[in-house]
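The values are calculated or read from the model by the stated rules, or taken from the named source; none is laboratory data. In this text the structure is predicted, and so the values were computed from the model without any measurement. A quick note on method: Cβ atoms are made from the backbone with ideal geometry, for glycine too, and the neighbour counts reach across all protein chains shown. When the accessible area is computed, the model is the full protein with side chains, heavy atoms only, and any ligands, DNA or RNA have been set aside. Shrake-Rupley method; radii C 1.70, N 1.55, O 1.52, S 1.80 Å.
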Amino acid sequence: MEYEDCTYHGVQDGLESDSSVAEEWQPARILVEKPEFGPTERQYVTVLRELTEPGTGGFGWGYNGGGTSAAAAAILADALDLGDPDTCGIGYAAYPEDEVLAQLREDFCDDVLSQLCDQWRLRRSVVLRWSLAWYMQRGIGSLPAALQHLPPLQSQT
């Protein structure tokens, strides 16, 4: 499979958002966009698709809990080309849960998603390189296919 980059864009109403009416709560969403660089280029983004919330609850970030685990499962399953989060065993409410993928999901929550604000963007390449480092740090040699064929880093000389 040929590598294709994208940008994950999380949007939720909260203290830091521009939402002026608290009664109009909207569920958190994760959009998958065509990668663009800088705020001026992102003025007219192309949304490729939206990640589906699990039936057991919505997405969240900026804390560590069930919504964050659901968001991590959706992002990692998409970035690693694993398919449906529940079917592959990375889903927050998946049964049976894959032990390695579940730990990957929870560490991604702790290291990345729990630190994010109401609105954020994260490139797929960043998710993949973080995941590869996670596998290497634990000495796990059995990698998902998406991690076996990462493009080389471009040197800035």
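Taken as a whole, the condition of being farther than 14 Å from residue 12 by Cα, over 13 Å from the mean Cα position of the chain (by Cα) and open to solvent by less than 20 Å² (accessible area, probe 1.4 Å) does not apply to residue 55. Just one residue in the set 128, 101 is part of a helix (DSSP H, G or I), touching a Cys at 6+ places or on another chain (Cβ under 9 Å) and open to solvent by less than 30 Å² (accessible area, probe 1.4 Å); that residue is 101. Restricting attention to segment 75-126, the residues that are free of Cβ contacts under 8 Å to residues at least 24 places away in the same chain and among the small types (Gly, Ala, Ser) total 5.
Among the residues of segment 65-93, the ones that are out of contact with any Gly (no Cβ under 9 Å at 6 or more places or on another chain), open to solvent by less than 10 Å² (accessible area, probe 1.4 Å) and either closer than 12 Å to residue 144 by Cα or outside any helix (DSSP H, G or I) (or both) come to 6 in all.
If a residue has to be outside any helix (DSSP H, G or I), surrounded by 11 or more Cβ atoms within 10 Å (Cβ to Cβ) and free of Cβ contacts under 8 Å to residues at least 40 places away in the same chain to count, how many in segment 133-152 make the cut? Qualifying residue count for the region: 2.
Every residue, every condition in (1) aromatic (Phe, Trp, Tyr); (2) at pLDDT 95 or above, yes or no:
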residue	(1), (2)
37	yes, no
60	no, no
65	no, no
84	no, no
87	no, no
108	yes, yes
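Hey, could you check segment 104-116 for residues that are among the acidic types (Asp, Glu) and touching a helix residue (DSSP H, G or I) at 6+ places or on another chain (Cβ under 8 Å) and say which is most open to solvent (accessible area, probe 1.4 Å)? The extreme case among them is 111. Kindly indicate whether any position in segment 120-127 is of a type in the set (Phe, Trp, Tyr) and either under 15 Å from residue 72 (Cα atoms) or touching a helix residue (DSSP H, G or I) at 6+ places or on another chain (Cβ under 6 Å) (or both). So far as segment 120-127 goes, yes, one or more of its residues are of a type in the set (Phe, Trp, Tyr) and either under 15 Å from residue 72 (Cα atoms) or touching a helix residue (DSSP H, G or I) at 6+ places or on another chain (Cβ under 6 Å) (or both).
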